1. Is it the case, given these coordinates, that residue 123 is basic (Lys, Arg), under 18 Å from residue 105 (Cβ atoms) and not in a strand (DSSP E or B)?
2. Name every residue in segment 129-166 that is in contact (Cβ under 8 Å) with a residue 40 or more places away in the chain and either in a strand (DSSP E or B) or under 21 Å from residue 194 (Cα atoms) (or both), in order of residue number.
3. Any residue at all in segment 102-119 that's over 32 Å from the mean Cα position of the chain (by Cα), assigned to a loop (DSSP other than H, G, I, E, B) and free of Cβ contacts under 8 Å to residues at least 12 places away in the same chain?
4. When only residues in segment 116-128 that are surrounded by fewer than 16 Cβ atoms within 10 Å (Cβ to Cβ) and of a type in the set (S, T, N, Q) count, which is nearest to residue 198 (Cα to Cα)?
5. Taking segment 167-207, which residues are in contact with a Leu (Cβ under 6 Å, 6 or more places away or on another chain) and outside any strand (DSSP E or B)?
6. Name every residue in segment 194-207 that is in contact (Cβ under 8 Å) with a residue 24 or more places away in the chain and surrounded by 12 or more Cβ atoms within 10 Å (Cβ to Cβ), in order of residue number.
7. If we keep just the residues of segment 165-185 that are touching a helix residue (DSSP H, G or I) at 6+ places or on another chain (Cβ under 8 Å) and not hydrophobic (A, V, I, L, M, F, W, C), which is surrounded by the fewest Cβ atoms within 10 Å (Cβ to Cβ)?
8. Pick from segment 75-133 the residues that are in contact with a helix residue (DSSP H, G or I) (Cβ under 7 Å, 6 or more places away or on another chain) and polar (S, T, N, Q): which of them is modelled with the highest pLDDT?
Amino acid sequence: MLKLRTQNSELGTQNFVAALCACVIIFLGGCRQQQKIEDQKPIAEQKEAKESPAKLSAEIEQLKKQVESLMGINKQARTEALSTLSTVEVTNRSDLYDKDDDKKRETLVVYLKPIDDMGDTVKATGSVDIELWNLNAPSENATLGQWKIEPEELKKYWTSSLMSTHYKLQFDIGPKLTGKEKELTLKVKFTDYLTGKVFTGQKVINK
């Protein structure tokens, strides 16, 4: 009986050792596989992963310095140093134009000139609402066109020349015109995204 128990004990120990060895082999195999996967990653990704903490720390430090610099400047002084928008001029060049030489003025071209408090023309950021009216027509037919240009789109229409610097906006209104109109009224609203101020202007267009 004692001999049988000893054999069973020895057999159990052997099985345990074998199972333990199998677990170790599987674990080591998994580690090697994971390392192989890591090694197969592009070198640029591995480098970026290592540099990310250092890069983030540097950016945070830079932001701290910027905040400290701004805190050291009087708020009122900062505000007074900024040029603000004073007016938005609808220039006299805003008119109807014939763009395809068919002797029909079917294109509305609007020239806007934002001017700051120092009298300089500036590329102000904002949205523009434009309306074209025939005030001599019945009320139901008086509105010939309405357009809204958001800041992301508006910035694409900034142009400069020897004669002027301005926003140049164009709209096809041929289908809206009957040819009998004698005069049209152009209305413009510019909302300044820096200050929230709204500037309005209008111009009579004689046909």
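The values are calculated or read from the model by the stated rules, or taken from the named source; none is laboratory data. A quick note: this is a predicted structure, and the numbers were derived from the prediction, not measured. Quick reminder, even Gly has a Cβ in these numbers, built from the backbone with ideal geometry, and neighbours come from all protein chains shown.
1. no
2. Within segment 129-166, 129, 130, 131, 132, 133, 144, 151, 165, 166 qualify.
3. Yes, segment 102-119 contains a residue that is over 32 Å from the mean Cα position of the chain (by Cα), assigned to a loop (DSSP other than H, G, I, E, B) and free of Cβ contacts under 8 Å to residues at least 12 places away in the same chain.
4. 125
5. Once the filter is applied, which keeps residues that are in contact with a Leu (Cβ under 6 Å, 6 or more places away or on another chain) and outside any strand (DSSP E or B), segment 167-207 yields 173, 176.
6. Across segment 194-207, the qualifying residues are 194, 195, 197, 199, 201, 202, 203, 205, 207.
7. Within segment 165-185, the subset touching a helix residue (DSSP H, G or I) at 6+ places or on another chain (Cβ under 8 Å) is 167-169.
Keeping just the survivors that are not hydrophobic (A, V, I, L, M, F, W, C) gives 167-168.
Values: 167: 22, 168: 16.
Per the stated criteria, the residue is 168.
8. Ranking the qualifying residues of segment 75-133, first place goes to 127.
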